[in-house]
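Working notes for the structure below.
All of the numbers you see were taken from the coordinates with simple rules; none came from a lab. Please read all numbers here as calculations on a predicted model, not as lab measurements. Cβ atoms come from the backbone with ideal geometry, glycine included; neighbour counts cover every protein chain shown.
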Amino acid sequence: MMRKTYKSDLMAAIHENAQALFEIGAIDKKTMRDFDVACLTPVKAFTAEQIKALRERECVSQPVFASYLNVTKGMVSAWERGIKSPSGPALRLLSLVDKNGLETIA
């Protein structure tokens with residue numbers, strides 16, 4: 001399970017309380033999503049140049065990088081050329097690699 005990152009310690013406490021209320025049915029899913037947006041740190045977007053620099057920093061080829069991210073080599077190539085942008089789980093994995101290195105998802 002991915003570790004959640006919060007905007008501040010106060011936001012972490014608020015989110016954890018909201019999560020407890022959601023789990024017992026005191027707040028609905030939409031309200032919980034609103035708390036997620038307000039409290040959790042958003043995942044940053046990566047430019048094509050940043051993705052290529054990240055891959056090169058880790059000293060891996062596009063096929064190897066793609067394998068770690070569970071995407072195709074063509075997808076990594078498209079990201080690096082700016083044709084497509086990563087989203088969802090791939091974006092989160094790129095953030096982890098950026099912060100902690102490729103070994104964190106190996």
For the stretch 24-41, does any single residue satisfy the condition of being out of contact with any Asp or Glu (no Cβ under 8 Å at 6 or more places or on another chain), in contact (Cβ under 8 Å) with a residue 24 or more places away in the chain and either among the hydroxyl-bearing types (S, T, Y) or surrounded by 16 or more Cβ atoms within 10 Å (Cβ to Cβ) (or both)? yes
Restricting to helices (runs of 4 or more DSSP H) lying wholly in the chain: which have 3 or more residues that are more than 16 Å from the chain's Cα centre (by Cα)? 9-23, 29-39, 48-57, 62-69, 73-81
